[in-house]
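What follows draws every value from the coordinates through simple rules; no lab data is involved. Predicted model, so just to flag it, every value in this text is computed and none were measured. Positions of Cβ are generated from backbone atoms using ideal geometry, with glycine treated the same way; all protein chains shown enter the neighbour counts.
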């Protein structure tokens with residue numbers, strides 16, 4: 001004859017044994033090397049830019065050349081477009097920080113390039129892009145960056161390239177030059193393509 005208390009202890013022991021087996025089995029299953037392919041974003045090269053603007057200022061990040069990024073500033077009051085590029089080497093800490101600006105590119109006036117005289121009613125927008133330019137007659141190679149500025153009031157636009165020198169950047173040598181005006185026009189023109 002089996003005592004009543006021993007059956008309860010038997011079921012409790014069986015429950016503990018089953019729980020431990022499931023726990024160890026689940027841990028092993030979770031830690032085992034997976035043979036199934038896993039989707040990974042690290043295998044997909046991504047590039048991103050950011051743009052923001054107000055009626056008083058516009059700022060964008062974007063490529064300059066290769067894997068180097070610049071920050072572009074557009075001042076609609078003065079009509080100036082400027083790009084700064086940080087160097088790859090950090091400097092000793094200063095009140096300004098540890099980064100160092102090694103390149104600066106600038107325009108005299110986007111309004112002059114777009115032939116806009118009514119600057120008070122202009123509404124400038126700016127975005128950055130990428131292009132793979134072939135050949136150049138300049139000392140500095142044309143970088144892969146394009147900066148587009150458009151006046152939302154008139155539809156006139158201008159595109160600029162960056163005269164980028166990868167060798168100067170690698171040597172941490174300063175670069176300072178004007179943007180290269182690539183094209184101007186109006187989005188309201190019937191045909192912009194040259195024949």
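Evaluate E = 1/(1 + (r/R0)^6) for residue 109 and residue 89, where r is the Cβ-Cβ distance and R0 equals 45 Å; express this FRET efficiency to the nearest 0.05.
Once rounded, the FRET efficiency stands at 0.85.
What's the FRET efficiency of residue 168 with residue 125 using the Cβ-Cβ distance as r and R₀ = 30 Å, to the nearest 0.05?
Step by step, r from the Cβ atoms, then E = 0.45.
Using the basic label-point model (7 angstrom from Cα toward the beta carbon), what is the residue 100 to residue 153 distance in nanometres?
Spacing of the two 7 Å Cα→Cβ label points: 4.3 nm.
Could you rank the peptides 54-65, 99-110, 158-169, 177-188 by their average count of other C-beta atoms within 10 Å per residue, with the highest value first?
On the way: 54-65: 16.6, 99-110: 18.3, 158-169: 20.0, 177-188: 14.6.
Per-residue Cβ counts within 10 Å, averaged per peptide and sorted highest first, yield 158-169, 99-110, 54-65, 177-188.
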